[in-house]
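Written out below as structure tokens is the structure these notes cover.
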Amino acid sequence: MNHFSPKSLAFYGIAITSVIVLFSVVSALGESKLKAPAKIEGHYRVTRSSLPECLPPNGVNLNVHQSGIYLTASFLPMGPKNATTPAVAPLAEVEKNTLTGRWHEPTLVLEGLVFPHNFHSNGDKFESKSAICSGKGQLVANLTATVQQKVLQGSLSLGSPPIKIDFWAEKQPDIQKVPDH
């Protein structure tokens with residue numbers, strides 16, 4: 001059997017040309033239509049002015065992690081009064097305090113369970129009828145916010161029945177890690 005016959009060459013030529021044309025069309029459509037979601041990952045400082053009085057005066061830090069359109073987030077109290085980084089918390093505490101959700105540009109929607117004591121500096125508990133301030137048990141949390149430049153603005157519903165908190169949070173500068181030698 002001769003593989004270099006005119007019919008075989010025509011068949012292979014058409015097959016290769018078809019693959020090249022299809023690849024070019026798909027590549028052109030992908031470059032023009034598919035866009036990566038904006039990067040919103042980072043630390044957002046939610047200040048006391050928008051939080052209940054029992055929460056720390058330094059505010060609360062919302063840590064947002066992003067993988068494409070999928071998000072995870074956690075709340076931690078801020079460090080010392082003038083700090084812009086979250087207080088150090090054991091990993092087990094952060095894992096218990098996780099919200100998950102999606103990024104539908106420009107809106108993000110997160111939900112999950114949080115422990116109220118993660119909002120308090122040094123795990124302080126306050127005498128209050130509010131579930132947020134009492135520090136007892138887990139609370140159902142739903143967060144909806146819009147992102148404009150480096151600011152999150154939205155509402156956080158905590159507990160059942162939900163206590164709605166409107167908030168405003170500013171993105172903090174990324175912390176530069178010093179490489180180990």
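List, in order, the whole-Hz ³J(HN,Hα) value for each residue of segment 65-70 obtained from phi through the Karplus relation with A = 6.51, B = -1.76, C = 1.60 and θ = phi - 60°; use x for Gly and Pro.
10, 10, 9, x, 9, 8
Name the long-range amide H neighbours of PHE167: under 5 Å, sequence gap of 5 or more, or other chain; modelled H, no Pro or chain starts.
GLY154, SER155, LEU156
Separation of segment 16-46 and segment 142-168 by C-alpha centroid, Å?
31
The numbers here are math on the coordinates, done by the rules we state, and not lab data. Since this is a predicted model, take the numbers as computed values, not measurements.
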